[in-house]
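Beneath this line is the structure, given in C-alpha cells, with notes to follow.
The values are calculated or read from the model by the stated rules, or taken from the named source; none is laboratory data. The model shown is predicted, which means the values in this text are computed figures rather than measured ones. Here the Cβ positions follow ideal geometry from the backbone for every residue, glycine too, while neighbour counts run over all protein chains shown. Areas reflect the complete protein model, heavy atoms only, side chains present, ligands, DNA and RNA absent. Shrake-Rupley method; radii C 1.70, N 1.55, O 1.52, S 1.80 Å.
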Amino acid sequence: MKFKQSFLLVAICMCFVTKSFSQRGNYRISNGIGIFGGVTKFDVSTNNFITKQGDGFLGGLLATVDIPHRWYNMSFGMQLSESTIGILGRPNSSSTSDEFIDYKMFAAQVALLGHIKVIPYHFTIDVSTYVTIQ
C-alpha cells in the first residue's frame, strides 16, 4: 500500500512539473506550406538550328519552417517542369523533306533556402542553393 501512495505522489508531481515548466507558449511559430504552378513557353535562340516555340508546365511544393529565437528561418522545396520544343530537321536518314521534330525536356529542381529575419514576420532576405536535374 505504501508503494502505491508513493507512486501516485510521484506521478502527480511529474504531471505538474511537466505541464508548468516544459514549454512556454508565449512565442508565435508560423510554419507554412506553399503550392505553386504555371504554364510556360519555351524556345531556344540559336544560329545553328531553326526552332519552334513549345508549351510546357511547372509545379511544385515549398515548406517553410520557423525557428524561434534564431535570426533565420529555413525552407525546402521541389519544382517539376516539362517543356516541349520543335527543331527543324529530317526525322530519319532516308527522308528528303524537313519537318519539325518535337523534343520534350523534363527537369526537377530541389531548393534549400535560408531566410534572414530583418523584421521578424514581415521582412526577410533569402539566401538559397538549387540543384537541377534534367
Check your understanding: Assuming residue 46 fulfils every condition listed in (1) open to solvent by less than 60 Å² (accessible area, probe 1.4 Å); (2) touching a residue at least 12 places away in the same chain (Cβ under 8 Å) apart from one, which condition is it?
Key -> (2)
Practice item. Tell me, yes or no, whether the stretch 19-31 has at least one residue that is assigned to a helix (DSSP H, G or I), under 36 Å from the mean Cα position of the chain (by Cα), modelled with pLDDT under 80 and loosely packed, with under 11 Cβ neighbours inside 10 Å. Key: yes
Check your understanding: Within the group 80, 58, 88, 62, which residue is closer than 26 Å to residue 123 by Cβ and either modelled with pLDDT of 85 or more or touching a helix residue (DSSP H, G or I) at 6+ places or on another chain (Cβ under 6 Å) (or both)?
Key -> 62
Exercise for review: Would you check which residues across the stretch 49-71 are assigned to a strand (DSSP E or B) and exposed (fewer than 13 other Cβ atoms within 10 Å of the Cβ) and list them?
Suggested key: 55, 57
**Study point:** Candidate set from the stretch 77-134 (those that are of a type in the set (D, E, K, R) and assigned to a loop (DSSP other than H, G, I, E, B)); member that is most open to solvent (accessible area, probe 1.4 Å)
**Key:** 90
Study note, to complete from the structure: Exactly one of 105, 14 is out of contact with any helix residue (DSSP H, G or I) (no Cβ under 8 Å at 6 or more places or on another chain) and at pLDDT 90 or above, and that residue is 105
